[in-house]
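Coordinate-derived values only; no laboratory data. All values reported here derive from a predicted model rather than from experimental measurement. Please note: Cβ atoms are built from the backbone with ideal geometry, for glycine as well, and neighbour counts cover all protein chains shown.
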Amino acid sequence: MYITAGVILFIVLVGLIGSMTSKVTPVRLAGSFAVKLVIGAFFLFLLNSFSGKYGLHVPINFITSSIAGVLGLAGVAALAIIQIWMLN
């Protein structure tokens, strides 16, 4: 019990010290992630628009948009390959 509390306290303290010396604020980080989430959803929308006649559909939700937004086109391709692999 005490070891777990100590580890959590250590992680929180390291995060606080790191955030004091960093120029990246949590608000800026959240905003950047939100923009990437929207871009990922747009990439998935384009994929679903152009691959509909081939039977490929990747659902657009928080997880898939996050993957596509953070990884970019490689993430969209990976999601498409996973979707094809799961269907066959």
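Can you compute the radius of gyration and Dmax for segment 12-55, using only the Cα atoms, both in Å?
Here Rg and the maximum Cα pair distance are 17.7, 53 Å.
Determine ³J(HN,Hα), in whole Hz, for all residues of segment 52-65 in sequence, where each value follows from phi through the Karplus function 6.51 cos²θ - 1.76 cosθ + 1.60 and θ = phi - 60°; x replaces Gly and Pro.
Here the 3J(HN,Hα) series is x, 6, 9, x, 9, 9, 9, x, 9, 9, 4, 5, 5, 5 Hz.
Using only Cα atoms, figure out Rg for segment 1-84 and give it as a multiple of 2.2 N^0.38 Å.
In units of the globular-protein estimate, segment 1-84 measures up at 1.55.
Say we join alpha carbon atoms closer than 10 Å with springs in a Gaussian network model of the chain; which of I11, I67, I39 then has the biggest fluctuation?
Residue with maximal mean-square fluctuation among I11, I67, I39: I11.
Can you give the extra length, in nm with one decimal, that the chain gains between V27 and K53 once fully stretched, where that is 0.36 nm per residue apart less the Cα-Cα distance?
Residue separation times 0.36 nm, minus the Cα-Cα distance, leaves 5.3 nm.
Determine, from the Cβ-Cβ distance of I60 and I3 and an R0 of 30 Å, the FRET efficiency 1/(1 + (r/R0)^6), rounded to the nearest 0.05.
Between I60 and I3 the formula returns 0.10.
Considering Cα pairs under 8 angstrom that are at least six residues apart, work out the relative contact order of the chain and quote it in whole percent.
About 25 percent, as a whole number.
How about the chain: which trypsin sites (Lys or Arg not before Pro) there lie in a loop by DSSP and see at most 13 other Cβ atoms within 10 Å?
Here the sparse-neighbourhood loop sites are K23.
Could you work out how much longer the chain between L16 and V38 gets when fully extended? Use 0.36 nm per residue separation minus the Cα distance between them, nm to one decimal.
Extending this stretch completely gives an extra 5.1 nm.
Can you compute the helix-only [θ] at 222 nm over the chain? Use -39500 (n - 2.57) per DSSP H run of at least 4 residues, normalise by all residues, nearest 500 deg cm²/dmol.
-27000 deg cm²/dmol
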